[in-house]
1. Would you work out if the stretch B:274-433 is rounded, prolate or oblate? Take a ≥ b ≥ c from the square roots of the eigenvalues of the alpha-carbon gyration tensor; rounded if a/c is under 1.5, else prolate when a/b is larger than b/c, oblate otherwise.
2. Using a Förster radius of 25 Å, what is the FRET efficiency between residue A:478 and residue A:41 based on their Cβ-Cβ separation? Nearest 0.05, please.
3. What do you get for the angle between helix B:4-18 and the principal long axis of chain B? Use alpha-carbon atoms, 0 to 90 degrees, nearest ten.
4. Check which residues have an amide H placed less than 5 Å from residue A:138's amide H, if you skip close sequence neighbours.
5. What relative contact order, as a whole-number percentage, does chain B give when Cα pairs under 8 Å and 6 or more residues apart are counted?
6. Could you calculate the FRET efficiency of residue B:368 with residue A:442 from 1/(1 + (r/R0)^6), where r is the beta carbon distance between them and R0 is 56 Å, rounded to 0.05?
7. Where does helix A:334-364 land angle-wise versus the long Cα axis of chain A, in degrees 0 to 90, nearest 10?
8. Which whole-number percent is the relative contact order of the stretch A:4-501 (Cα, under 8 Å, 6+ apart)?
Amino acid sequence: MGYVLSLLILVPLLGSLVTFAASSLGGRRQSASYIAAAFALATVAIAAYVFWFVYSNTPAPGYYALTEDHPWIALPGFGVDILLGTDGLSSPLILVSGIVGVLAVLSSRSLIDKREPAYYSLMLLVLGAVMGAFTSLNLVVFYLFWELALVPMFFLIGVWGGDRRKYAALKFIIFTFAGSAVMLLGFLALYFGVSPSTFDIPNLARAGVPVALQYLPLLAVFVGFAVELPVFPFHSWQPDAYEQAPAPVNALLSGILPKFAGYAVIRIGLGLFPAAAYDYAWAFILLAVISMFYGAVVALLQKDLKRMFAYTSISHMGFVLFGAFATVASGNPLGIEGAIFLMFAHALAVGALFTLSGFVEKESGTRLIPKLAGLGRRFPVTAALLAVSSAAAIGVPPFANFIAELMVISGGISAYASTAVTVLVPVITGGYFLWMLKRVVIDPAQEAGEPGEAADVSRLDAALVAVYLVPLVLLTVFSFLVLTPAAPVAQWTANLVHGAKL
Amino acid sequence: MADYILLAVASLSVAALGVPFLQYFARRGNASGYLVIAAVGVAFLAIAANAASGSTSAYPFGSLLASDSLGNLFAMLTLGVALFVAVASLSLVPSSQTANSPFYYSLLSFAALGMVLISYSTDLLMLFIAWELMSIPTYALAGFKKGSAASNEAAVKYAILGALSSATILYAISLTYGLTGTLGIAAAAASLGSHLSNPVAGIAILLFVVGFGFKMSIVPFHMWAPDAYEGAPTPIAALFAAGTKKAGFVAMIRVVLAISTAVALTPGSGLFTLPNVLAVLALATMTLGNLAALTQKSMTRLLAYSSIAQAGYILIGFVIYSYGQANPAFAQQAQLGMAGALFHIINHSVMKGAAFLAAGLVILKLGSGSLDAFDGLGRRMPIAAFSLAMSFLALAGVPPLNGFWSKLMLFTSVINTPYAWLAVAGVLNTALSVGYYGWVIKRMYLDEPGGDQSPVEEPLTMALVLGVLVALIVVFGLEPGPIISLAQHAVPALASLTG
């Protein structure tokens, strides 16, 4: 018993309160970013410790490290524990959330210029909720943190977003709430399913959810995951929300929040409903593959940078779902390992891209690709960063994304050989990113702009984008840091799913 | 042992009867308001002391009133609501009516007295008298804005339908007495369940459901509610939603849910059982309430329909409890469901109290209850807007606020039973409700004020009242254990378990 995970959640939540109170009462709005950055840095430090701890003390398959159990409601007939724990599935996500969190806060300094106290307070609230979601091993508490991340996100999009922010914010909250409400229904179905009644994931997994109780609840929780990831056809809120959210918020919204669902697919979808997951694997793989292609093809058609990145995200999140269910279908843990790795890599790559989209918009006043022509001449640093980040998103070596996609696709092929067709997705992705780069970076400006009107991205901001990308390069070499702790989880899940059918 | 309940009754009676005479002495200020607040406060403390003493004593003539934890819970709840309404009325009832304020507060005490007596009634006639004692003052209160045609219309509509519901209850009581020969609620309920071969028994049960359902504003007996809520002074709308409505629930629990029926209400129809009837009402109530709320343009009407929808959620607990009465296999679920229903009843009073009083403040200050007036409210009236937003988030069931836990318990209780579809309906309705709760929050915080942009002063008393209610929303959400435990202790023993 320690208090590391509690600290991981409480530091950003406390930071949220302190940031708001100190900067709004103190009267210096700008101080909010410093206070928030300090708390975000403290959070990432704890996250790094958690990651290192899990790497060096990887828990046995099916068990968790750094567990804490705080009874919350302990009454006869109804109990909810705040059960915290982490393993090789959640520790990479915790670390990457910490990194994206701190970078998002820091990159807000040059992009957000109104109502800073509330803004930074809400950012830290999201970060705290994210940490809570990734460490909670109780279904109700998991749901609680999941929802807790959505409400501040509504305000972050709705107050600080683009022109159509109100519409996007309302659509976002209605879709995600509806999805998570249906997901909750699936959780509730389990409560009286095992004896003694519990919402604790480890206890439910150990007792084994009765097979009859797996099918409908799996579909219910999947609706929640599918909206959050999002998976075609549950994605309609996502391009609007991603387009309208301010760029630093986007790093969290696109980099971290979909990982709730990716994480939950493996932890809850496969961990608690193995028999149903096995039977439905083909359907989920089909949906995932459709999503991968749909996202990639629609991204090709986008004129707005952010919308293009949004659809890229749909495509990449399809990979996560594909990987998870490839393992279910084949028993080969490679799929889940690849999914975990991809979630880590994707968070950083889209974080960099969306942050850059903010800088591009600030400099050129537009995000429309046709109007951005000549960016390479006018803002060479921005353009270079855009090219490098695009390479990361495409999965060009030395960025780790290619390892992840390779693992997922190989895992998929071992399940259904026909899914080899998915190798086309990275090809399409490469195609539309390169086309975008050609139009934005290489093509000359159509009309003579007023040079010197805006400055190129500042050194600090350029460094922030670079920091997103450095771990991706490092991971290519040190991939074992993520994959070693992930292996037992993947193997355990694979065995569980197959054991359920024997 | 002290008779705390009689102390509460005495305190409220003295205030109700004495306050009107104040107008001969103190024409100035809110003296009558302060007196009634004191009286309700004393009554609340007396009931709290009664709850703490764990007394189970019975009152006059042995069997009209009895003290139990269910009664304590509802008496404290309704008195708490009356207290908040009285305090808020100090600033919310416009000054042009202060000449009549002694009567306003007197009527409020009468209604509070009626709600306390309903909570403890163990006799059908006592229940009926207490019901009238609660209802009749509220007809007058609904029309208290004498100059307003809308208020008068609301009062008349409410009074006519209220009289109809009282008559329905009285008819049900007479049928019950004719069948069972007793007016004791427990004895009559036990006996009614065994008389179901006689169709009159089924009719009596349904008439009770209709009569109480009117006050609970469950669909299709809800038509009066939006008009009355809109026409009445807003604190009185809060009293309707958070107070008198709850009296309907306790009456339903005491009379209808005590009936253990494994068989159909009418001979020959297997589906026409009490839990099934309640389940259909629950579905209709939550769905129609939410759908109608989506289309409202006035805040009080929106709150009225939201209040109707919440009654639908509460009925889910009643359904499973009624089912568990006859099916011991579902006793665990039945107890969880009823505890969830009681918890949601408490939460709903807190949430709706906060929402109505905040809305009342806005209506008073801005002179309009239209949703347009709420545009950009976050900057103009930060306290009212924040209270509304918090109560809306809680009503929508956002964790970790109080409404989340009670809905969680309600939905969990039915999900592995034949009524699982109610949990599905409840969850879908919750998602639907985000449409209007989120819409109002959007208007308050994301939209710009339409005309006047200047900040509006918010009185200190209202800030305190709203602050306490919002604090309760948060505290009950973060530390729900004690309240759930209170609710669990108030769940009446299941007939299927006690034999």
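No lab work stands behind these numbers, since they all come straight from the coordinates. Everything numeric in this text was worked out from a predicted model, so none of it was measured. Here the Cβ positions follow ideal geometry from the backbone for every residue, glycine too, while neighbour counts run over all protein chains shown.
1. Prolate shape, in that a/c is at least 1.5 and a/b is the bigger ratio.
2. So, using R0 = 25 Å, E works out to roughly 0.65.
3. That works out to roughly 50 degrees.
4. When sequence neighbours closer than 5 places are left aside, the close amide H contacts are A:83, A:201.
5. 14
6. 0.45
7. In chain A, helix A:334-364 runs at an angle near 30 degrees to the longest axis.
8. Here the relative contact order equals 16 percent.
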